There are 2 protein chains.
Amino acid sequence: MEKNNITLSRFIKEKRKLANLTQPDLADKAGVGLRFVRDMEQGKATLKMDKVNQVLKLFGHELGPVAMNRKTLFHEES
Amino acid sequence: MEKNNITLSRFIKEKRKLANLTQPDLADKAGVGLRFVRDMEQGKATLKMDKVNQVLKLFGHELGPVAMNRKTLFHEES
DNA sequence: ATTTATTATACCTTAAAGGGTATAAATATA
DNA sequence: TATATTTATACCCTTTAAGGTATAATAAAT
């Protein structure tokens with residue numbers, strides 16, 4: 001699978017673990033399919049933004065443009 | 001059209017203007033269709049991440065998870 | 001006011017995302 | 001070790017994003 005956005009991938013996996021949720025749990029809560037959560041955590045590059053945002057919203061985040069350098073994101077102030 | 005991510009929409013429109021590019025110009029440079037650039041600038045919510053990233057890359061940015069509060073993004077340090 | 005350039009809408013086709021389900025693999029637990 | 005739990009992979013189906021093209025609507029310029 002063409003992968004990309006390891007940042008997003010790591011972010012969601014980390015947040016999910018911290019919340020003690022399984023992938024099915026997260027899928028339910030976010031209202032997306034299980035397959036989607038998996039694709040997301042594996043860094044699938046062609047995900048649709050709206051679906052990704054449904055998931056990110058659970059953790060108070062959303063997709064947005066970020067500068068490409070800072071390879072260590074999500075240490076913002078969460 | 002279901003719109004979302006006004007942030008992204010404004011970001012791309014702003015960057016394009018600053019670079020003195022027309023929508024067709026940007027589409028060419030990014031390797032995406034003209035229709036896509038337009039959907040993007042109009043805040044279409046269901047865009048695919050990889051295509052959006054192709055465009056953002058031209059401006060040194062990419063999609064990533066950002067905290068939902070800060071409604072005024074892209075004053076990072078660009 | 002009239003071109004000219006830029007942006008927005010509409011229709012059609014193709015490729016693929018997302019969901020469901022089933023199975024396999026991996027990880028954790030007893 | 002086995003056994004349960006969680007995660008990964010594979011298949012089919014439906015929906016739709018994205019591109020192309022054409023047309024309409026603005027905006028800019030002369």
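The values are calculated or read from the model by the stated rules, or taken from the named source; none is laboratory data. Predicted model, so just to flag it, every value in this text is computed and none were measured. All Cβ positions, even for glycine, are placed from backbone atoms using ideal geometry, and neighbour counts span all protein chains on display.
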Problem set entry | Members of segment B:20-58 found to be in contact (Cβ under 8 Å) with a residue 12 or more places away in the chain, more than 10 Å from DNA strand D (Cβ to nearest atom) and among the aliphatic types (A, V, I, L, M), listed by number | B:Leu26, B:Leu56, B:Leu58
Exercise. Pick from B:Glu76, B:Glu2: which is closer than 27 Å to A:Lys15 by Cα, facing chain A (nearest Cβ under 10 Å), surrounded by fewer than 20 Cβ atoms within 10 Å (Cβ to Cβ) and modelled with pLDDT under 95?
Worked result: B:Glu76
For this session: Can you work out which of the residues in segment B:50-67 that are over 10 Å from the mean Cα position of the chain (by Cα) and under 16 Å from A:Arg10 (Cα atoms) is surrounded by the fewest Cβ atoms within 10 Å (Cβ to Cβ)?
Result: B:Ala67
Problem set entry | Residues of segment A:29-45 that turn out to be within 14 Å of another protein chain (Cβ to nearest Cβ), more than 7 Å from DNA strand C (Cβ to nearest atom) and on the phi < 0 side of the Ramachandran plot, as a count | 5
Exercise. Does at least one position in segment A:20-28 carry a residue that is more than 8 Å from DNA strand C (Cβ to nearest atom), of a type in the set (Gly, Ala, Ser) and at pLDDT 95 or above?
Worked result: no
Exercise. So which residues in segment B:40-63 are under 19 Å from A:Lys51 (Cβ atoms) and of a type in the set (D, E, K, R), if there are any at all?
Worked result: B:Lys44, B:Lys48, B:Asp50, B:Lys51, B:Glu62
